[in-house]
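Take a look at the structure set out below.
The values are calculated or read from the model by the stated rules, or taken from the named source; none is laboratory data. Since this is a predicted model, take the numbers as computed values, not measurements. Heads up, the Cβs are rebuilt from the backbone with ideal geometry, glycines too, and the neighbour counts pull from every protein chain shown.
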Amino acid sequence: MKNVRIVCNVGANNAHMQQTEPVLKQNTAYKIRNTNQKGITIIALIITIIVMLILASVTIYVGTDSLAHSKMVRFVSYMQMLQKKVDEIAENGDYDAYGVELQESGQTTLQEILILEDSTSNVADFKYFDSNTISTQLEIDGIDDEIAINFTTREVFSLIGIEYEDKMYYSQYNLPGGQKLKQQTETINRDLTFTITTQIDGLNAIFQVSDIKITNGTLYYGKEISENNIKWTLVNNYTKIGQTENINITESGIYYFKLVDNVNNNESISSETITLRLTNKPKLKDNLGSLSLMYNYSDLGVSQNWAYAIDSETSYIYVWIPRYAYKIDSDGNIIKDENGKTILEFLRGTSDVTTSGGYIDSNWKVPSQFTNGTAEVTGVWVQVESANQEGIDIIDILSSGIIL
């Protein structure tokens with residue numbers, strides 16, 4: 001039997017184990033660290049993807065919103081240009097030639113728009129403009145829209161409209177940056193002045209209203225019925241700049257004139273009131289030749305305005321006194337007003353009808369000078385010293401003068 005020698009090197013094994021143990025620990029640690037690094041990268045990737053998705057959605061939203069905003073800004077911009085042009089046309093004069101009448105489909109669309117825009121205007125008052133007429137008539141290029149315009153109220157509406165923030169708009173008035181139509185009309189100062197002249201021919205007169213400064217106004221004249229009571233009569237409900245209106249009058253009275261601006265409802269009552277006294281027309285007789293082609297008895301205190309004539313043979317001057325009646329009390333005395341003037345009414349022809357539209361009764365008296373024998377006359381010529389006398393009374397002239 002062969003002897004076998006076994007040597008156990010415990011220390012060496014321990015040393016070897018001690019050498020290999022750190023390596024194993026290092027490898028194990030590396031593996032652990034490596035595994036942790038891979039985990040962090042995946043989480044970071046997921047977070048990055050989420051952030052990118054959020055940014056992408058925000059970018060899309062902002063881009064869409066920005067596009068809608070730019071369209072709205074452009075819409076407001078050209079609607080304001082149209083508004084400015086409409087204001088100029090309405091202010092400067094006649095606008096009947098602008099635009100065309102709305103077709104039935106356009107009227108239906110506009111009616112719905114007026115309801116949405118809280119407008120009380122009538123569809124029939126609007127004119128239609130497409131891109132071509134906007135360019136040729138309004139002289140504004142680059143507007144691809146269909147527009148309805150009311151020159152009376154200065155309203156401008158798009159028949160196509162624009163959607164902004166989930167709502168449809170057909171005007172710029174309620175959009176951000178848009179003008180307010182109410183402010184637009186209130187800031188316009190329209191001249192409501194006019195001129196009045198009077199032409200009298202016996203029992204008829206003409207009020208001539210001229211130098212009207214606005215288009216689209218309503219003109220009235222009024223007659224005073226009693227104190228603070230005026231009866232207004234329509235002359236024209238659509239005035240034009242420079243237009244002259246002739247008003248025929250057949251009654252004496254105190255007259256007023258009023259012009260209303262149909263655009264903003266401002267009105268102007270003329271400070272000039274006209275006291276009109278119509279009389280029987282002068283009748284020349286014998287050798288009389290007319291000295292005054294124009295005459296007016298409206299102010300009995302200004303005798304220079306009465307009708308005068310001169311005798312071609314004697315050169316005497318005569319004044320025409322139209323037939324009238326004066327008011328008397330129960331004792332037959334003449335009644336005068338608070339200014340000491342005799343209260344009288346001129347008469348139509350030889351009747352009892354006054355030129356102011358009333359009648360005379362027992363409280364009135366017609367001077368006997370208007371009776372020639374058995375005939376009643378419409379007036380008489382009375383001799384006077386001059387045609388330029390001041391402060392003379394018509395009753396005194398009739399009672400003391402020489403009648404032709």
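Regarding residue 252, is this residue surrounded by 19 or more Cβ atoms within 10 Å (Cβ to Cβ), of a type in the set (Gly, Ala, Ser), closer than 26 Å to residue 348 by Cβ and in contact (Cβ under 8 Å) with a residue 24 or more places away in the chain? Let's see the steps before the verdict.
Details: surrounded by 19 or more Cβ atoms within 10 Å (Cβ to Cβ): yes; of a type in the set (Gly, Ala, Ser): yes; closer than 26 Å to residue 348 by Cβ: yes; in contact (Cβ under 8 Å) with a residue 24 or more places away in the chain: yes.
Answer is yes for this residue.
Just one residue in the set 78, 95, 128 is modelled with pLDDT under 90 and aromatic (Phe, Trp, Tyr); that residue is 95. For segment 109-165, which positions are in a strand (DSSP E or B), of a type in the set (Val, Ile, Thr) and within 28 Å of residue 240 (Cα to Cα)? 147, 149, 156, listed by residue number.
With the requirement that a residue be part of a loop (DSSP other than H, G, I, E, B), closer than 24 Å to residue 365 by Cα and touching a strand residue (DSSP E or B) at 6+ places or on another chain (Cβ under 8 Å), what does segment 301-332 give you? Correct list: 306, 307, 323, 332. Whether a residue is under 19 Å from residue 291 (Cα atoms), surrounded by 12 or more Cβ atoms within 10 Å (Cβ to Cβ) and in the same structural domain as residue 296 (by TED's automatic domain parsing) was assessed, and residue 364 does not pass this test. Here segment 372-389 is the region considered, the condition is being out of contact with any Gly (no Cβ under 8 Å at 6 or more places or on another chain) and β-branched (Val, Ile, Thr), and the residue that is modelled with the lowest pLDDT is 374.
For residues that are among the β-branched types (Val, Ile, Thr) and over 30 Å from residue 266 (Cα atoms), tally how many sit in segment 129-161.
Step one: filter segment 129-161 for residues among the β-branched types (Val, Ile, Thr), giving 133-134, 136, 140, 143, 147, 149, 152-153, 156, 160.
Now drop any that are not over 30 Å from residue 266 (Cα atoms), which leaves 133-134, 136, 140, 143, 160.
Result for segment 129-161: 6.
The lone criterion from (1) without any contact (Cβ under 8 Å) to a residue 40 or more places away in the chain; (2) of a type in the set (Val, Ile, Thr); (3) over 14 Å from residue 152 (Cα atoms) left unmet by residue 109 is number (1).
Looking across segment 212-235 at every residue that is modelled with pLDDT of 90 or more and touching a Gly at 6+ places or on another chain (Cβ under 9 Å), the one that is nearest to residue 245 (Cα to Cα) is identified as 233. Can you find a residue in segment 345-353 that is part of a loop (DSSP other than H, G, I, E, B), in contact with a Pro (Cβ under 9 Å, 6 or more places away or on another chain), in contact (Cβ under 8 Å) with a residue 24 or more places away in the chain and not small (Gly, Ala, Ser)? No, segment 345-353 contains no residue that is part of a loop (DSSP other than H, G, I, E, B), in contact with a Pro (Cβ under 9 Å, 6 or more places away or on another chain), in contact (Cβ under 8 Å) with a residue 24 or more places away in the chain and not small (Gly, Ala, Ser). When each of 392, 397 is tested for being more than 19 Å from residue 276 (Cα to Cα), modelled with pLDDT under 90 and either part of a loop (DSSP other than H, G, I, E, B) or within 46 Å of the chain's Cα centre (by Cα) (or both), the lone residue that passes is 392. Candidates in segment 273-309 are the residues that are polar (S, T, N, Q) and surrounded by fewer than 17 Cβ atoms within 10 Å (Cβ to Cβ); of these, the one that is farthest from residue 203 (Cα to Cα) is 287.
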